[in-house]
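Worksheet: one structure, shown below.
The values are calculated or read from the model by the stated rules, or taken from the named source; none is laboratory data. As the structure is a prediction and not an experimental result, all values here were calculated from the model. Neighbour counts run over all protein chains shown; Cβ positions are idealised from the backbone, glycine included.
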Amino acid sequence: MAAEAIPSFDVVSGDMIFEPVLEDGVFRFDCSASDRQAAYPSLSFVNGKDRDTPISTYMRPLYTPTYQSVRGQQLVKLEFPAGTSLYGTGEVSGQLERTGKRIFTWNSVSGGYGTGTMSLYQSHPWVLAVLPNGEALGVLADTTRRCEIDLRKESTIQFIAPSSYPVITFGPFTSPTAVLVSLSHAVGNLLDQAFSS
């Protein structure tokens, strides 16, 4: 059976629009203003209003994602300099470095798991990019829906999930630690969660 061609009028693409949020160096990207309005509330941010409220800053993003909307799916792509290493992708088994991998974030119960068990108990569509110069940038697809994270193309992050969801970038900052500190301002940390319950 031949692959079905997608009519060009069903495909919308371009650079994502951005707003600075939370603190210097953190940007929210959406496909359009109407997609920004259509996005579900954040379950990633401790305070969802932090994701939705622009701040004043002189900073502009160094990396702007591109998007493609095809039949209710939103494909977001970020390209980095050659030699960038990619880490994270949420709570999944396997090595910490995910360069060259394809991961699906979708919750399932995995009593006994190994390297072949990709989805565990929580979904975190998050990637930490470590650039060749040692700087780092974090990327969060703020969606609770089934999300594919494709890192198979060199120095490229691609998220694919049902529309509409924002992408939040943290950095680039001077180190992976600085990225994680900024991320913790958005999503909290274990100590905050332990003392707030």
field: residue 135 surrounded by 15 or more Cβ atoms within 10 Å (Cβ to Cβ), acidic (Asp, Glu) and at pLDDT 95 or above
entry: yes
- line: Note on segment 122-148: residues of a type in the set (Val, Ile, Thr) and in contact with a Gly (Cβ under 8 Å, 6 or more places away or on another chain) are 127
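Just the residues that are over 21 Å from residue 32 (Cα atoms) and touching a Gly at 6+ places or on another chain (Cβ under 9 Å), please, taken from segment 154-176.
Matches in segment 154-176: 154, 155, 171, 172, 173, 174, 175, 176.
Filter segment 53-81 for residues that are in contact (Cβ under 8 Å) with a residue 60 or more places away in the chain and in a strand (DSSP E or B) and give the result.
Within segment 53-81, 69, 70, 73, 74, 75, 76, 77, 78, 79 meet the criteria.
Can you go through 41, 81, 54, 65 and tell me which one is surrounded by 15 or more Cβ atoms within 10 Å (Cβ to Cβ), out of contact with any Cys (no Cβ under 7 Å at 6 or more places or on another chain) and modelled with pLDDT of 90 or more?
On the way: 41 fails: surrounded by 15 or more Cβ atoms within 10 Å (Cβ to Cβ); 81 fails: surrounded by 15 or more Cβ atoms within 10 Å (Cβ to Cβ); 54 fails: surrounded by 15 or more Cβ atoms within 10 Å (Cβ to Cβ).
Criteria check complete, one pass: 65.
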message: I want to confirm something. Restricting to segment 142-181 and keeping residues that are of a type in the set (Lys, Arg) and touching a strand residue (DSSP E or B) at 6+ places or on another chain (Cβ under 8 Å), which single residue is nearest to residue 96 (Cα to Cα)?
response: 152
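Out of 164, 182, I need the residue that is at pLDDT 95 or above and not in a strand (DSSP E or B). Which one?
Numbers: 164 fails: at pLDDT 95 or above.
Only one candidate qualifies: 182.
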Selection from segment 14-52 of residues that are outside any strand (DSSP E or B), touching a Gly at 6+ places or on another chain (Cβ under 9 Å) and closer than 20 Å to residue 78 by Cα: 25, 31, 32
